[in-house]
C-alpha cells in the first residue's frame, strides 16, 4: 500500500511529537482530545480496514468494540457490583476474545451480503445488541450501564494516570496502525484486496471467499475490541449510550471524514470528529452544535470523497 | 533583499506580541479573580425542553446574586448532555479539565447523575452540586464525599402520592407504564412505600426505553380490571404517550410521576391536554402553592423569560434551588475556594434555607431533606392547565421516615423492587 507522500516525509517527526505530547500540550489536549481521538480512532480503523481492504461497510464496529468493553467491565471491579473481578490481563484478554468472536459471528452471518444489504444487516445487529444490553438488568445493568470500573494498577494513580493512559492508547494505536499497514503487504492482505476487487475471479482461483470474509471480520473485530478496551479504561465506564446507533454512525463519519481508503484516515477523522464535538458548542451554538457536525460532514464529502486524506494527497500532488 | 510587507517586519511584530502578552496577562489576572461555575443540563435528546428550563432556573438564581460574590465575579460555562451517562461524564470532564471550573452544577437526568457520582469520586478537589438528577443511589448507597444534592430524590418526590391515590382517590389496582432507568425505579419505590402497605396492588409493570416514540403496543396490553395507570415518562415521551393514549380511546384515570404532567408537558399545545385533567402527581412543585417565595419566583421567571413555559418547571426549580444553595454557601465563606473547598463544603453541609419548594437542609449523606407537594391537574378559567395543590408532606428525608437500616435492607430500587402484584 502506497503511503501518501505527506505521511512519508512527516511520519517520524509527527510520531515523535505525539509521543511527547504530554509535555508539549496542556493536559486537557492530551487526555481529552488526543487520547479520546486515538482510542476511537482504533475502532474507526477497524472500519477503515474493512472498507479499504475488503470493500465492506459495517455499521456495528462500535457494538463489537462495546462487546469487549462490557466484557472488560464485567470482569473488573465495578460500582454496579456485577460480574466477576479478575486480574486485568485476564480481563483484557477475555474482552479481546469476546470482540474477536463477535466479529467472526458477524462475518459468518453476513457472508452472503454486500453493499447496502451488509449495511442493513450490521445495523440490525447493532440495534439488537443495543436493546438487549439496555433492557437486561441482571448482567448489563440496563440503561445505567456499568460505571466505576476499576482500572489496572499501573493506571490508577491519579497523578501519573493522565500520561500513562495517553501513552497506552497512543502506543496501541501506533502498533495497530503499523500492523494494518504491514498486513497490506502480506499474502493475506493481498487476498483480501483481491476479494474486494473481484470475488468471482478469486473464487475461480480456488480461494474460499466465505472463509476470507469471516477472516476479515474477525481481524476487524480484534482491532475494534482493542479500541473498546481502551475506551472503557479511559471512561472507567460503559453504557448502552456507548454502543447505540449514533455511536456506530459516528464511527462511520470518522472513517469517511478522514478518508476511507487509507488507514491513517481513521485517526484523522476521529481527531476531527472529537474536535468538532468538543468545541462546536462553544464556537457555534450551545443548542445547535449538531448542525455544525452534520454540515462539516456533508461539506467534506462533497468537496473530497476521500475525506481529509483526499485533501492532503491532492494538495501534495499539486 | 526585498522589503517584507509591513505586518511581518520585526518592529510591528514586536509591538503586536507585546500587546498580546499584555492583554493575556491582564486577562489572566482578571480571570484569576473570577469564580467559574460549570452548568450541565440536557439541551439535547428527549429531555431537551427540561434542560432549557434548567438553564433558566440557574440564571434566575445567579441574577439574585447579581453574578457576584463579594469582590469576585461569577462566570458560568454551560454544557449540554443528552440523557446518556457517558456523554454526561465526557462533558463534565470537559468542564472540569479544560474550562477549569471551580464547581459543577448538574446533571439533570437520573442515570447521568450516577455516572457523574463515580467521576466525582475521581476528582476529590472539585465540588459537584446536583441539578435535578433524582436516582436514589446517588446519595443513598456509596455516596461521593464531594457531591451534594439539595433537592429530593425520585422516591422523596412521590411522598404523599401513594397515600392520596389509595385513601382519597380510592385507586386499588394500578398498572405501571414507565421509562426504564434509575429515576423511575426510585419514583416507584416512593409510591409503593405508601401504596402497597395500604393494600394497593401494582398489577403489571411495563418498562419502555427512554426516548420511546411509539406506545401503541403497550397501550394495547393494558389489562381491563384496573383503576388507574401510573405513568412515569418525561418530556417528549410524555407528550407522545398522552396523545397516543387519548387517540386510542383510553379513559382510565392516571397517576403521574413527577415529570409526566409537569409544566413542560402542560404547556405543549395539543388535543391530549384535556385528558390530563384530574391526573394526580407529586413532586417539588405545586403551581397553586401560596408560598410567597414560590409566587415571587414565578413572577421573576415570567418577567425574565416571556417566551419560556409560563411558569418554572421542576427542572427550573431544582436548578434554581441548587444554584442558590451553592451561591449562599459561597457567599457565607466570601468566595473562599482554597484548601480543596474545605470551607465551602462545610458551608454547603450547613445550609438550612427556605426555598420556593419549602425548607431545605442536608442529611449526613449530603442528601436534601425536603417538602413534597401532591397536586392535581386543574383548569384555570382562561383554559390553561396548572397543578393544583391537594396535599403536602413536610420534611421528607431520603428514607421516607423509615429507619435507615430497614430502608436500605429493602435493596436498591429496580424493576422488580418493590413489587406488590
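The values are calculated or read from the model by the stated rules, or taken from the named source; none is laboratory data. Model, not experiment: these values are computed from the prediction. Cβ sites come from the backbone with ideal geometry, for glycine too, and all protein chains shown count toward neighbours.
Quick look at the numbers
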read-out: Test: residue in the stretch B:220-232 that is surrounded by 23 or more Cβ atoms within 10 Å (Cβ to Cβ), within 21 Å of residue B:47 (Cβ to Cβ), modelled with pLDDT of 90 or more and within 14 Å of chain A (Cβ to nearest Cβ); value: yes
read-out: Evaluation of residue A:206 against (1) within 11 Å of chain B (Cβ to nearest Cβ); (2) not in a helix (DSSP H, G or I) (one fails), failing number; value: (1)
read-out: From the options A:109, A:90, A:116, A:150, residue that is over 19 Å from residue A:243 (Cα atoms), over 20 Å from the mean Cα position of the chain (by Cα) and within 14 Å of chain B (Cβ to nearest Cβ); value: A:150
read-out: Residue check, residue A:249 within 12 Å of the chain's Cα centre (by Cα), away from chain B (no Cβ under 14 Å), assigned to a helix (DSSP H, G or I) and surrounded by fewer than 21 Cβ atoms within 10 Å (Cβ to Cβ); value: yes
read-out: From A:44, A:39, residue being more than 14 Å from chain B (Cβ to nearest Cβ), modelled with pLDDT of 90 or more and in a helix (DSSP H, G or I); value: A:44
read-out: Top-ranked residue in the stretch A:266-295 [being more than 14 Å from chain B (Cβ to nearest Cβ) and at pLDDT 90 or above; ranked as surrounded by the most Cβ atoms within 10 Å (Cβ to Cβ)]; value: A:266
read-out: Test: residue in the stretch B:345-358 that is over 30 Å from residue B:123 (Cα atoms) and not in a loop (DSSP other than H, G, I, E, B); value: yes
read-out: Candidate set from the stretch B:97-111 (those that are at the interface with chain A (Cβ under 8 Å from one of its Cβ atoms) and surrounded by fewer than 24 Cβ atoms within 10 Å (Cβ to Cβ)); member that is farthest from residue A:70 (Cα to Cα); value: B:98
read-out: Selection status of residue B:94, modelled with pLDDT under 90, facing chain A (nearest Cβ under 9 Å) and not in a loop (DSSP other than H, G, I, E, B); value: yes
read-out: Residue in the stretch B:161-168 that is modelled with pLDDT under 95 and part of a loop (DSSP other than H, G, I, E, B) present; value: no
read-out: Residue A:83 under 29 Å from residue A:31 (Cβ atoms), in contact (Cβ under 8 Å) with a residue 12 or more places away in the chain and surrounded by fewer than 16 Cβ atoms within 10 Å (Cβ to Cβ); value: no
read-out: Condition met for residue A:92 (within 30 Å of residue B:137 (Cα to Cα) and not in a helix (DSSP H, G or I)); value: no
read-out: Top-ranked residue in the stretch B:117-137 [being free of Cβ contacts under 8 Å to residues at least 60 places away in the same chain and more than 9 Å from chain A (Cβ to nearest Cβ); ranked as farthest from residue B:157 (Cα to Cα)]; value: B:120
read-out: Count of residues meeting criterion [exposed (fewer than 13 other Cβ atoms within 10 Å of the Cβ) and either within 12 Å of chain A (Cβ to nearest Cβ) or closer than 15 Å to residue B:142 by Cα (or both)] in the stretch B:399-417; value: 4
read-out: Selection count, the stretch A:97-113, where residues are in contact with a helix residue (DSSP H, G or I) (Cβ under 6 Å, 6 or more places away or on another chain) and either closer than 22 Å to residue A:141 by Cβ or outside any helix (DSSP H, G or I) (or both); value: 6
